[in-house]
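As structure tokens, the structure follows; a few thoughts come after it.
The values are calculated or read from the model by the stated rules, or taken from the named source; none is laboratory data. These numbers were taken from a predicted model, which means no experiment stands behind them. As a convention, Cβ positions derive from the backbone with ideal geometry for all residues, glycine included, and neighbour counts pool all protein chains shown. Ligands, DNA and RNA are excluded from the accessible area calculation, which covers all protein heavy atoms including side chains. Shrake-Rupley method; radii C 1.70, N 1.55, O 1.52, S 1.80 Å.
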Amino acid sequence: MSLDPITFEVIRNALVAATDEMVLTLRRSAYSTNIKTRSDFSCAFFDAELRAVAQGFTQPVHLGSMVEQVPHAVRAYGIENLGPGDVIITNDPYPSGVHLNDVSLISPVFVEEVLLGFVANLAHHVDVGGGAPASIGAFREVFQEGVIIPPVKVVEAGRIVDDVFSLILAQIRSKHETAGDFRAQIAANATGARRLEALVARHSHPTIMAAMQELLDYTERRTRAEIAALPHGVFEAEGSVDTDGYTDEPVRLRARVEITADGVVFDLTGSDPQRRAPVNSTYAQTFSACAYALKCLVDPDLPVNDGFYRLVHLDAPRGSVTNCTWPSPVVGGWETQTRLVDIIFRALLPSMPAALPAGTKAMMCHAGFGGVDPVTNEYTCFLETFGGGYGGRQSSDGPDAVQAHGQNTENAPIEETELNYPVRVVRLSLVDDSEGPGRFRGGLGLRKDFLFERPTTFTVLSDRTLVGPAGAFGGQAGRVAEYVLIRDGEERRLPAKGTIELVAGDVVSYRTCGGGGYGPPEERDTERVLRDVLEEKVSVERARELYRVAVSGRELDLAATAELRG
């Protein structure tokens with residue numbers, strides 16, 4: 001069946017709109033701050049052959065991970081075992097998932113008893129059990145990280161399977177929030193299914209099937225055209241995660257990117273073997289990094305579906321930190337995944353200097369804490385990831401205190417945090433002098449200080465304490481991150497990966513890294529330096545020492561600046 005262009009565009013956008021409405025349903029129905037406010041989830045639609053057709057993104061890190069997880073989960077459970085109104089649930093990282101906090105719910109969509117496809121959503125839950133509140137920590141194997149859910153049916157014919165639901169919740173600390181979030185995920189899938197059924201009723205089943213096939217082929221054609229415009233060749237870079245939580249040995253990552261007319265090959269041979277530490281990325285997480293990197297280089301309007309993914313090729317050796325195997329821990333896989341994006345960009349930067357930034361925060365920067373409320377006897381858990389400095393660009397500064405590389409979560413509002421959790425946020429600010437100096441400076445890091453009102457278990461799962469984000473083309477590195485315990489007025493540095501017990505009155509301070517600078521700092525426009533000084537982002541001393549700019553009061557000292565730059 002051939003489609004006229006207008007009908008094709010109507011259906012194409014209606015499919016995306018269906019997933020976007022799933023996003024709204026999930027966000028407005030969820031209980032936890034991490035989902036309803038920080039939007040740590042994504043939704044998608046797959047056809048009957050389990051090919052991604054449309055994705056409604058809130059989190060680009062899920063760009064490729066759902067494409068790996070959903071088909072494996074459905075095939076493992078058996079398509080023949082699914083009927084109208086059913087929902088399967090899974091968070092199993094092996095062979096195709098991510099870390100355990102990311103739980104996926106998948107529903108078949110039937111139209112007149114014929115399978116049209118599947119709607120799915122993946123959401124990061126604030127707790128799934130395991131060795132510490134929020135289910136993050138320096139764990140040695142996956143069994144310590146929380147409940148592992150293979151693909152099982154949690155809803156049958158529209159009704160929750162109480163035994164399965166209760167069994168899962170029994171492993172979880174924050175039962176009230178998690179139960180509400182699961183129900184929100186179920187509602188999101190039901191919304192997506194209704195919208196797709198209505199679309200078929202309006203346009204007919206054969207027309208929708210033809211439109212989906214044409215959409216995938218159309219996307220592949222456009223992706224090939226975009227890749228043809230990129231510089232072809234082989235590009236390589238190396239980097240590392242600073243620590244693994246147990247040793248001082250950096251976790252080495254290596255990327256070889258080959259761009260040809262047949263697609264982009266990401267070869268990660270040479271990356272370190274997997275470790276019994278929270279630094280292992282699953283194949284699905286790593287594939288997501290590669291898909292995201294390519295998406296950044298092509299037309300932003302390009303659809304994201306199987307037609308796009310056909311041209312992303314990944315070679316990640318089994319048993320490495322980029323493709324770990326059971327029973328390796330996976331809780332810190334996203335930290336490694338986002339650092340890998342930074343390394344891929346570093347490999348491509350010399351050939352695409354206008355398109356890519358200097359080094360960025362490139363870490364998820366998790367904080368998780370929880371404890372039992374002495375009044376209600378309920379266990380509360382909180383999880384947040386923090387922004388940091390983005391790298392400077394060829395013609396602009398890096399943004400301050402933002403999420404980077406596929407991490408699109410929002411900051412948890414102070415008011416909401418203090419209302420729902422036993423903590424007060426006593427400071428939220430930029431970290432002055434944390435930028436990577438450059439012609440266009442890197443963004444500043446973020447500082448957020450939590451004051452705890454009662455004994456609490458707190459986990460840091462982060463990085464960047466040893467090496468800051470790299471500068472580019474003569475720019476300098478951003479300042480490293482710090483994680484600090486303030487007890488009785490005294491500061492003590494915390495490791496980037498570890499769990500501590502807090503007492504009432506303790507303050508934990510996150511001070512994230514700045515982004516790398518782009519170009520020599522002494523070439524920075526003097527008015528920009530003055531503005532940074534007046535906004536208290538850069539000190540007078542730093543302006544003079546690194547940018548060769550003298551500031552006196554609220555004005556430039558032109559004579560002294562000319563002498564410094566001479």
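Observations on the model:
- For the chain, the longest principal axis of the alpha carbon atoms and the long axis of helix 205-228 meet at an angle near 30°.
- Each Lys and Arg adds +1 at its Cβ and each Asp and Glu adds -1 at its Cβ; summed about the Cα centre, the stretch 428-566 shows a dipole of about 380 debye.
- Of the peptides 424-431, 257-264, the order by per-residue mean of other Cβ atoms within 10 Å, starting with the highest, comes out as 257-264, 424-431.
- Dipole orientation for the stretch 149-250: of the candidates TYR246, ALA187, ALA228, ALA187 has the Cα lying most toward the positive pole (charges on Cβ; Lys, Arg +1; Asp, Glu -1).
- Gap separating the Cα centres of the stretch 86-127 and the stretch 541-566, nearest whole Å: 58
- For SER104, the solvent-accessible surface with a 1.4 Å probe is about 0 Å², rounded to the nearest 10.
- Taking the stretch 483-547 and dividing mean pair separation by its residue count, relative contact order in percent (alpha carbons under 8 Å, at least six apart): 26
- Over the stretch 286-398, accessible surface divided per residue gives 27 Å², non-protein components excluded, 1.4 Å probe.
- Taking the accessible area of the chain, probe 1.4 Å, and keeping the other protein chains in place, the carbon and sulfur fraction comes to 51%.
- Over 28 Å (Cα to Cα) - which of LYS448/LYS537; LYS175/LYS295; LYS448/LYS497; LYS295/LYS497 fall in this group: LYS175/LYS295; LYS295/LYS497
- Per residue solvent-accessible surface (Å²) - the stretch 431-566, probe of 1.4 Å: 43
- A 1.4 Å probe run over the protein chains yields, for the stretch 7-141, 27 Å² of accessible area per residue, whole-number rounding.
- Loop-located GluC sites (Glu not before Pro) in the stretch 1-96 (DSSP state other than H, G, I, E, B) with a sparse environment of at most 16 neighbouring Cβ atoms within 10 Å: GLU49.
- Only Cα pairs under 8 Å and 6+ residues apart enter the sum, and on that basis the relative contact order of the chain stands at 13 percent.
- Gap separating the Cα centres of the stretch 414-436 and the stretch 344-409, nearest whole Å: 15
- Which of THR33, ALA44, VAL23, positive extreme of dipole for the stretch 1-133 (C-beta unit charges): THR33
- Cα centre as origin, Lys/Arg/Asp/Glu Cβ charges: the stretch 364-469 dipole, Debye: 400
- Note on GLU536 and ASN377: the model spin-label points, each 7 Å out from Cα along the C-beta direction, lie 4.8 nm apart.
- One chain, two ends: GLU523 and ALA48. Fully extended at 0.36 nm per residue, the span grows by 165.3 nm beyond their Cα-Cα distance.
- Per-peptide average of other Cβ atoms within 10 Å, ordering 373-381, 180-188 highest first: 180-188, 373-381
- Normalised by the number of residues in the stretch 214-256, the average gap of Cα pairs under 8 Å and 6 or more apart makes the relative contact order 30 percent.
- Note on VAL10 and ARG159: the model spin-label points, each 7 Å out from Cα along the C-beta direction, lie 4.0 nm apart.
- The chain shape via C-alpha gyration tensor axes, a/c threshold 1.5: oblate
- For the stretch 527-566, the Cβ-based charge dipole about the Cα centre amounts to some 120 debye (Lys, Arg positive; Asp, Glu negative; other atoms uncharged).
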